[in-house]
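Taking it in order: structure first as structure tokens, then the write-up.
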Amino acid sequence: MIVAVLSDIHANLPALDAVLASLGTVDAVWHLGDVVGYGAEPDGVVERLRDIGAVGVKGNHDDAACGGPSIAEFNPTARIAAEWTRAHMSPDTREYLTALPPTLAPVPDFTLAHGSPRDPIFEYVLDAAIARENLGAFQTPYCLIGHTHYPVAFRERHSGRAARFSMETLDPGGEAIRLDQRRTLVNPGSVGQPRDGNPAASYAILDTDALTVAWRRVAYDVGTARRRIVDAGLPRQLGRRLEFGE
Ligand code: ZN
């Protein structure tokens with residue numbers, strides 16, 4: 001099965017549409033949460049995900065938009081955006097976001113979580129040490145995570161009984177990585193608000209039979225996304241940062 005893995009769309013419809021247009025034929029779309037927040041089109045993004053039958057999990061911004069406790073952790077700009085989203089999204093969007101589970105295993109080998117498997121809404125898996133601490137928190141060989149907006153993978157250095165004493169960091173280059181018996185956490189990067197200095201939307205293509213993951217980048221109309229943020233009355237820096245991928 002060929003799966004498009006999308007995370008941190010953040011209500012950025014121009015970015016999502018560019019990604020969907022670039023996919024070619026896929027069998028499924030999985031998302032890793034933060035469907036909304038920051039961007040101006042929560043309803044449009046959720047409608048698109050419903051239309052294509054995407055399955056996924058809840059992020060901290062989805063939780064905040066639905067009135068959950070995540071908003072207490074937000075900086076002032078994120079809080080303004082969460083309050084804007086709460087006030088402007090439709091009842092259908094709220095219902096969709098509220099129903100998202102914290103983790104999901106759509107097929108037997110893969111767990112999806114927004115932050116980390118042990119703390120799905122909040123924890124950032126920023127490095128191999130944190131990834132290693134999370135190995136006990138999921139039962140599948142592989143876990144797909146988002147939340148940091150950085151495309152990366154963390155993989156055990158060894159497999160079998162010697163496992164779990166160290167992990168390595170794999171940066172996405174041009175090559176796909178092959179998943180093997182070593183347990184691996186993969187972050188596809190962010191569709192709607194990349195933070196690795198590259199403004200192009202980031203996502204991954206997973207082949208669950210060949211066990212390969214390839215990261216992809218797609219340029220999109222950042223100017224339109226930025227204008228919609230300004231027109232919506234959201235903080236201007238949320239549009240500006242899209243231009244720089246920060
Ligand atoms: Zn996010």
Discussion item. Being in contact (Cβ under 8 Å) with a residue 12 or more places away in the chain, more than 15 Å from the ligand (Cβ to nearest atom) and either farther than 20 Å from Y38 by Cα or open to solvent by 10 Å² or more (accessible area, probe 1.4 Å) (or both): is that true of F138 here?
Written reply: yes
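Yes/no matrix, rows are residues, columns are (1) touching a residue at least 24 places away in the same chain (Cβ under 8 Å); (2) surrounded by fewer than 17 Cβ atoms within 10 Å (Cβ to Cβ); (3) out of contact with any Cys (no Cβ under 7 Å at 6 or more places or on another chain); (4) of a type in the set (A, V, I, L, M, F, W, C):
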| residue | (1), (2), (3), (4) |
| --- | --- |
| D171 | no, yes, yes, no |
| R178 | yes, yes, yes, no |
| V186 | yes, no, yes, yes |
| G189 | yes, no, yes, no |
| G192 | yes, no, yes, no |
| T208 | yes, no, yes, no |
| R216 | yes, no, yes, no |
Discussion item. Take the residues in the range 76-101 that are buried (at least 17 other Cβ atoms within 10 Å of the Cβ) and part of a loop (DSSP other than H, G, I, E, B); name whichever of them is farthest from the ligand (Cβ to nearest atom).
Written reply: M89
Discussion item. Every residue in the range 13-47 that is among the hydrophobic types (A, V, I, L, M, F, W, C) and in a loop (DSSP other than H, G, I, E, B), please.
Written reply: L23, V26, L32, V35, V36, A40
Item to complete: For R118, indicate whether it is surrounded by fewer than 18 Cβ atoms within 10 Å (Cβ to Cβ), within 15 Å of the ligand (Cβ to nearest atom) and closer than 18 Å to T148 by Cα.
Response: no
Fill in: Positions within the range 59-75 being open to solvent by less than 10 Å² (accessible area, probe 1.4 Å) and modelled with pLDDT under 95, in sequence order
S70
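Only one of V19, V5, V107, V26 is assigned by TED's automatic domain parsing to the domain that holds P188 and either open to solvent by 60 Å² or more (accessible area, probe 1.4 Å) or of a type outside the set (D, E) (or both); which?
On the way: V19 fails: assigned by TED's automatic domain parsing to the domain that holds P188; V5 fails: assigned by TED's automatic domain parsing to the domain that holds P188; V26 fails: assigned by TED's automatic domain parsing to the domain that holds P188.
Only one candidate qualifies: V107.
Would you confirm whether any residue within the range 78-93 is within 30 Å of E156 (Cα to Cα) and of a type in the set (A, V, I, L, M)? I'd like the intermediate steps shown before the answer.
Of all residues in the range 78-93, those within 30 Å of E156 (Cα to Cα) come to none.
Looking through the range 78-93, none of the residues is within 30 Å of E156 (Cα to Cα) and of a type in the set (A, V, I, L, M).
The values are calculated or read from the model by the stated rules, or taken from the named source; none is laboratory data. What you see is a predicted model; the values in this text were computed from it and never measured. Reconstructed Cβ throughout: ideal geometry from the backbone, glycine too, with neighbour counts over all protein chains shown. Note: areas computed on protein heavy atoms with side chains; ligands, DNA, RNA excluded. Shrake-Rupley method; radii C 1.70, N 1.55, O 1.52, S 1.80 Å.
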